[in-house]
1. Taking θ = phi - 60°, what integer Hz values does the Karplus form 6.51 cos²θ - 1.76 cosθ + 1.60 yield along segment 96-106, in sequence order, with x for Gly and Pro?
2. Scan the chain and hand back the longest stretch that contains none of the trypsin sites (Lys or Arg not before Pro) lying in DSSP loops with at most 12 other Cβ atoms within 10 Å.
3. For the chain, give the magnitude of the charge dipole about the Cα centre (Cβ charges: +1 Lys/Arg, -1 Asp/Glu; no others), in debye to the nearest 20.
4. Using only helices, what value at 222 nm comes out for the chain when you add -39,500 (n - 2.57) per DSSP H run of length 4 or more and divide by the total residues, to the nearest 500 deg cm²/dmol?
5. For segment 30-135, which GluC sites (Glu not before Pro) are in a loop by DSSP, counting at most 14 other Cβ atoms within 10 Å?
6. If you take every residue apart from Ser202 with its C-beta less than 12 Å away from the C-beta of Ser202, what net charge results, scoring Lys and Arg +1 and Asp and Glu -1?
7. Around Val171, with a cut-off of 12 angstrom between Cβ atoms, what is the net charge of the other residues, counting Lys and Arg +1 and Asp and Glu -1?
8. With the alpha-carbon atoms as the only input, what is the per residue convex hull volume for the chain in Å³?
Amino acid sequence: MLKLANVSVNYGQFQALKDINLEVGQGELVVLLGANGAGKSTLFRTISGLSKPVNGEIYFGDEQIGGKAPHKLVHKGIVQCAEGRKLFPEMTVFENLKMGGYVFRSNKSLLKTELEGIYDLFPILKDKRNQPAGSLSGGQQQMLAIGRALMSKPKLLMLDEPSLGLAPLIVEQMFTIIEQINSSGTTVLLAEQNANAALQVSNRGYVIENGRIVLSGTRDELFNNDQVRKAYIGA
Ligand code: ATP
């Protein structure tokens, strides 16, 4: 579904991504592991069109999408749920979700179906639908951010550190929900520092260090890799 071939990205003189080769197959849940500053967010920004590669190609299906405008990529089904959530805090939960569905704004019945699906996945968002997004807890805001991303029926959902700053119990719930989203048919690319939990729900993964992919493998291969255990699992 998604394929990056030799993609490099610079910030001025600084090379943030170096010759990235990465694939995500239809229906997969692929995890991208990396420390702070390794280049995970830059990689996501590049796939969603916010940063332009200086080299290499990005394919979504058969189409080369590298350098295309972000709103065009959303229409094609590539949707990113950003780190830090970026909700509209003064608007209600419902209004935030509605914004996520702007792609289908003229199709009221589809919007309604999507909204119901999201309320099924996150019942707390239904309970709090008339409250301002800014009044929700950190975990609820993260759920709302994911719900808003799902409102546009993405083919590929990219989640940037969804567990960041959440209490352990909520982290567990978050990964269960990510697994459910994936098993209901959405392909997921997940950037995480919480390697243990992320690998458990994933099919495959990549490790990024200093802008380079240094390792890739199946979930079990990465779990059993000494380098991964030492650097990201701590066992
Ligand atoms: P984090 O989890 O902390 O966000 P990350 O793995 O997502 O880390 P990036 O944010 O992609 O990493 O950053 C990769 C590198 O690029 C870092 O060295 C960072 O300092 C640098 N960088 C990121 N954005 C810019 C920018 N706008 N201008 C210059 N350098 C940048």
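Read-outs: derived from the displayed coordinates by stated rules, not from any lab. Predicted model only: the values in this text are computed from it and were never measured. All Cβ positions, even for glycine, are placed from backbone atoms using ideal geometry, and neighbour counts span all protein chains on display.
1. For segment 96-106, the Karplus curve yields 4, 5, 4, 4, x, x, 4, 4, 10, 4, 8 Hz.
2. Values: sites that count: Lys86, Arg105.
Longest site-free region, per DSSP loop and neighbour criteria: 106-235.
3. On the way: 25 positive and 22 negative charges, 145 e Å.
Computed charge dipole of the chain: roughly 700 debye.
4. Helix-only estimate at 222 nm: -10000 deg cm²/dmol.
5. Those that pass, being in a loop and sparsely packed, are Glu90.
6. Values: positive: Arg204, Arg219; negative: Glu28, Glu179, Glu192, Asp220, Glu221.
Value of the local net charge: -3.
7. Details: positive: none; negative: Glu161, Glu172, Glu192.
Its environment carries a net charge of -3.
8. On the way: hull volume 28.1 nm³, N = 235.
Taking only Cα atoms, the chain has a hull volume of 120 Å³ per residue.
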